[in-house]
1. Between the stretch 29-61 and the stretch 67-116, how far is it from one alpha carbon centroid to the other, in angstrom?
2. Taking 0.36 nm per residue of sequence separation and subtracting the Cα-Cα distance, how much length would be gained by fully extending the chain between Ala210 and Leu70, in nm to one decimal?
3. Run the numbers on the stretch 1-121 and let me know its relative contact order in percent, using alpha-carbon pairs under 8 Å that are six or more apart.
4. How high is the FRET efficiency between Leu229 and Ala184 when r is their beta carbon distance and R₀ equals 25 Å, given to the nearest 0.05?
5. What fraction of the DSSP beta bridges in the chain is antiparallel, stated in percent and rounded to the nearest 5?
6. Counting only residues 5 or more places away or on other chains, whose amide H sits under 5 Å from the amide H of Leu64 once H atoms are built in the peptide plane?
7. Hey, got the dipole for the chain? About the Cα centre, +1 on K and R Cβ, -1 on D and E Cβ, debye to the nearest 20?
8. Ordering Tyr168, Tyr145 by how much accessible area each has at a 1.4 Å probe, largest first, what is the list?
Amino acid sequence: MQEKRPSVTVLGLGAMGTALARALVATGYPTTVWNRSPAKAAALADNGAAVANTAAEAVAANRLVIVCLLDHQSVVDVLGTATLSGRVVVNLTNGTPAQGRELAEWTKNRDADFLDGGIMAIPPMIAGPGAFLFYSGSRSAFDTYQPVLESFGESLYVGTDPGLAALYDIALLSGMYGMFMGAAHAFALITSEGVSGQTFAPLLTRWLTAMTGAVASTAEQVDKGDYTLGVSSTIGMQAAAYPNLVSAAEDQGVSPELLMPLQKVLDERVADGYGGDAIGGIIEILRKAGR
Ligand code: NDP
């Protein structure tokens, strides 16, 4: 006999909440949805989801409550209208580690179990092979509901500290925004002479892909605290060439504002006497400045 599938509540039907709810319905989990603007629930109702009139009603319907709203404050505002006792709240709203820890405490005070999550996917990727999500907080909640959570993508539990999922999430997003900044600057520069974006794109992809090897080598250096390991391009050489990037941008009428912060950090690392190390050594400047 087939085991009964747990039923699930989803609060929030923006682009991401809708994708999550659709994945649950498609996988066969009985799903109750709620959204502040009721019109967004119509398509899901047509697909078989139950629609609650209020967040409190949606939370009352099921033990497992998945929340995907705009920000931390909206989560507190919406959950604050409901009775959470006995519920398992899985928060998939983007937030900071501190907010994840705060929500864990807040839900605990309301007699609910809590998992915080970070979604490493955009809505069309949900339920596809590339999607993965971080979870942290209640281990038993994760173990109980992992099969449900797998509807969204690969679920990676990163620890009982409820702040950890957001930490992993924000760390990956920080890497991504570095790439977005670099790519935006590169496109602004190359198109300043009329080279088309589409001509340039394969070259940019090829170069960025080749450079991802630096992630693994930096990992070894940072773990061993030795930024001389395997160095082939010293930070001194890079600090010497870097002003060319800034000057070329200015000459082409492109603002170097996204490039400038790195110049300062490179120069400081060289001034500290580490010009022969690999560029990963700038991690030490970031640590020093953050303390
Ligand atoms: P949307 O802007 O599409 O949706 C926001 C949702 O929050 C809507 O359901 C909106 O309701 C609701 N909302 C906002 N403010 C309030 C409030 N004060 N009270 C009640 N409900 C409120 O965002 P997404 O769905 O794209 O994103 C949701 C979360 O998922 C965010 O934290 C985002 O960072 C995260 N995320 C999104 C990704 C993406 O690519 N889209 C990728 C990874 C994470 P209403 O419809 O009534 O406005």
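The values are calculated or read from the model by the stated rules, or taken from the named source; none is laboratory data. Bear in mind the structure is a predicted one, so any value in this text is a computation, not a measurement. In this analysis, Cβ positions are derived from the backbone assuming ideal geometry, glycine residues included, and neighbour counts consider all displayed protein chains. Note: areas computed on protein heavy atoms with side chains; ligands, DNA, RNA excluded. Shrake-Rupley method; radii C 1.70, N 1.55, O 1.52, S 1.80 Å.
1. Answer, in whole Å: 19.
2. Length difference between fully extended and current span is 46.9 nm.
3. Relative contact order of the stretch 1-121: 22 percent.
4. 0.20
5. Values: 6 of 28 bridges.
Here the antiparallel bridges make up roughly 20 percent for the chain.
6. For Leu64, whose amide H was placed from the backbone, the distant partners under 5 Å are Thr9, Val88.
7. 740 debye
8. Details: Tyr168 105, Tyr145 20 Å².
Reading off the accessible areas and sorting them downward yields Tyr168, Tyr145.
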